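Student: Here it is: the structure, laid out below.
The values are calculated or read from the model by the stated rules, or taken from the named source; none is laboratory data. Remember, predicted model here, so these are calculated numbers, not experimental data. Cβ atoms come from the backbone with ideal geometry, glycine included; neighbour counts cover every protein chain shown.
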Amino acid sequence: MNRSRVLGARARLQATRGRPEAADLVAGLVETLEAIEFPNIRVDGFVDAAEATALLGDVPRAVGYANEAVRLAEAKGNLTRARQIRTIIARIQRHSSAV
């Protein structure tokens, strides 16, 4: 398992628990992703960042991370993954409007 996946899992776990250190983990994850060349790893990392950030209540930033994941997936030609991420975006937005 690579570092970005570990950071993403930790960020989501801490965000689920409502712990403020999740924001620092997300920041570290995004910083790590900038140095990674592999699009699929970056896509998954930005999805992790989006989900953790949404749990922390920052919906605009979460959607921004998810949109970056969509952009990367589409650039790679992975339209199925891009559609999956758009579903995640819709869920994040729907949940925020219900709260």
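Student: Which of the residues belonging to segment 19-52 are under 19 Å from R91 (Cβ atoms) and either over 12 Å from the mean Cα position of the chain (by Cα) or not in a helix (DSSP H, G or I) (or both)?
Tutor: A22
Student: List the residue pairs whose Cβ atoms are under 7 Å apart, where the first residue sits in segment 81-95 and is basic (K, R), the second is modelled with pLDDT of 95 or more, and the two are 6 or more positions apart or on different chains.
Tutor: From residues that are basic (K, R), the pairs are R81/V43; R81/A73; R86/V70.
Student: Looking at segment 73-87 only, could you name the residues that are within 15 Å of I41 (Cα to Cα), part of a helix (DSSP H, G or I) and not β-branched (V, I, T)?
Tutor: A73, E74, A75, K76, R81, A82
Student: Looking at (1) more than 27 Å from R19 (Cβ to Cβ); (2) touching a Lys or Arg at 6+ places or on another chain (Cβ under 9 Å), which one does L79 not meet, given that it meets all the others?
Tutor: (2)
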